[in-house]
Every structure is written in structure tokens, then in C-alpha cells.
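**Q** Before I ask anything, here is the structure I am working with.
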Amino acid sequence: MGIMPVFPGNPRQKWQYAVLVDGLPAAYFQSAQIPACSVEQDTFNPMGSIRPTKFAGRLSYEDCTLAKGMPSEVIDRAAFDWLTQAANPITGDTGLPTEYKREVEILHVNKKGIVVQRWILHGAYCTKVEWEQNEGSSDHMVETLTLSVDWVTME
């Protein structure tokens with residue numbers, strides 16, 4: 001578990017989600033789409049039965065999408081560096097999962113700066129980064145960050 005980072009500026013400002021990567025403050029985002037979880041349905045047709053028996057199958061998790069983000073530090077290459085650990089465009093190599101998969105905590109914080117909900121994304125890695133396209137705004141640096149996850153816990 002990471003510790004609650006100090007939000008930039010006034011706690012009543014627009015950053016509603018703090019993201020910690022391996023327990024260290026990484027960025028703040030205005031919105032977050034937490035991965036949905038679903039259970040596959042399997043069926044078994046017992047011999048002599050006229051109806052199938054249904055049972056739960058594998059769990060699957062969708063991607064996590066974080067929008068309108070600001071890095072916690074002045075370094076804005078962290079997301080891109082994380083992305084290239086999984087697939088390096090210069091060398092054409094893919095990294096080992098032990099090198100690029102991280103434990104990511106997403107903290108939903110209310111207007112008073114109190115943590116309302118905490119999600120832990122296990123085996124998360126960066127699959128997509130979109131930077132700000134609007135030249136007139138300096139409020140955020142990362143427009144969208146998409147993470148693929150193995151599984152999610154909630155506290």
C-alpha cells in the first residue's frame with residue numbers, strides 16, 4: 001500500500017484521482033474508468049439430461065482508462081518510458097512481464113482530500129498514451145492513459 005500523496009494545490013481542485021505506481025505517487029487525473037470485471041459462463045451437458053448445467057468460468061477484466069492527467073513530478077516521459085518497456089519501437093523487442101508489469105493504486109479522493117475508494121490493479125502495464133493536443137491549455141499533460149490489468153482488488 002502506498003501512502004496518500006499531497007495533491008497539487010488546493011484539495012478542492014479538479015484532480016479527483018491519484019495514481020500510485022509501486023507505491024510511489026505517479027500522476028493525478030480528472031477521471032478514471034475502473035476496469036469492469038466479468039465471469040465467463042461455461043456449460044456442461046450431462047449425459048441423459050435435457051438441459052445443460054451452467055457454472056462460472058474464468059474472470060476477465062477490461063482495461064483501465066485514466067483521462068486528463070498531470071504527472072506528480074515535472075518529468076513527463078514516465079508514461080512513455082513505461083510503454084516502451086513493454087514494446088520498444090527502436091529495437092523492436094518486447095520486454096519481459098517482470099520488467100513492465102506494476103502494481104498500480106488508484107485513489108478516488110473527494111473534494112476535502114479524503115480517500116473515498118481505493119482500487120489496486122495487479123499486473124498492470126501501459127498499453128496506450130495520448131498527450132494533450134490543445135496548444136492553448138497547460139492544465140494537463142497526458143490526455144489519456146490506458147492500462148491493461150491482470151486482476152483488480154478494491155478496498
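**Q** Taking 0.36 nm per residue of separation and subtracting the Cα-Cα distance, what length does fully extending E132 through I90 add?
**A** 12.8 nm
**Q** Straight-line reach only, C-alpha to C-alpha below 13 angstrom: list the aspartates and glutamates that K68 could link to, leaving out same-chain residues fewer than 8 apart.
**A** Candidates past the 8-residue exclusion: E130, E132, D139, E143.
**Q** Taking the radius of gyration and the Kirkwood hydrodynamic radius from Cα positions alone, what is the Rg/Rh ratio for region 12-115, to two decimal places? Working shown, then result.
**A** Details: Rg = 20.2 Å, Rh = 17.1 Å.
Dividing the radius of gyration by the Kirkwood radius yields 1.18.
**Q** If you don't mind, there's one more thing I want to ask. So if we plug the beta-carbon distance of R58 and A36 into 1/(1 + (r/R0)^6) with R0 = 22 Å, what FRET efficiency do we get, rounded to 0.05?
**A** Given R0 = 22 Å and the Cβ-Cβ separation, E is 0.90.
**Q** Same structure again: Full extension from F80 to E155: what is 0.36 nm times the residue separation minus their Cα-Cα distance, to one decimal in nm?
**A** Working: separation 75, 0.36 × 75 = 27.00 nm, distance 2.88 nm.
Going from the current span to full extension adds 24.1 nm.
**Q** Alpha carbon centre of region 79-124 versus region 20-38: separation in Å?
**A** Cα centroid of region 79-124 versus Cα centroid of region 20-38: 8 Å apart.
**Q** Starting from the amide H of S31, placed 1.01 Å from N in the peptide plane, find each other amide H under 5 Å away whose residue is 5 or more places distant or on another chain.
**A** For S31, the qualifying residues are A67.
**Q** Taking only C-alpha pairs under 8 Å that are 6+ residues apart, what is the relative contact order of region 30-155 in percent? Provide the component values of the computation, followed by the final result.
**A** Numbers: 236 pairs, mean separation 32.2, N = 126.
Relative contact order for region 30-155 comes out at 26 percent.
**Q** Over region 84-131, with a single point scatterer placed on each C-alpha, what log10 of the ratio I(q)/I(0) does the Debye formula yield at q = 0.24, 0.27, 0.28 1/Å?
**A** Evaluating at q = 0.24, 0.27, 0.28 Å⁻¹ gives log10 I(q)/I(0) of -0.89, -0.98, -1.01.
**Q** Please enumerate, by chain and number, the lysines with C-alpha under 16 Å from the C-alpha of K101, excluding those fewer than 8 residues away in the same chain.
**A** In chain and number order, the partners are K128.
Each reported figure results from applying straightforward, stated rules to the coordinates on display, with no laboratory input. Everything numeric in this text was worked out from a predicted model, so none of it was measured. Quick reminder, even Gly has a Cβ in these numbers, built from the backbone with ideal geometry, and neighbours come from all protein chains shown.
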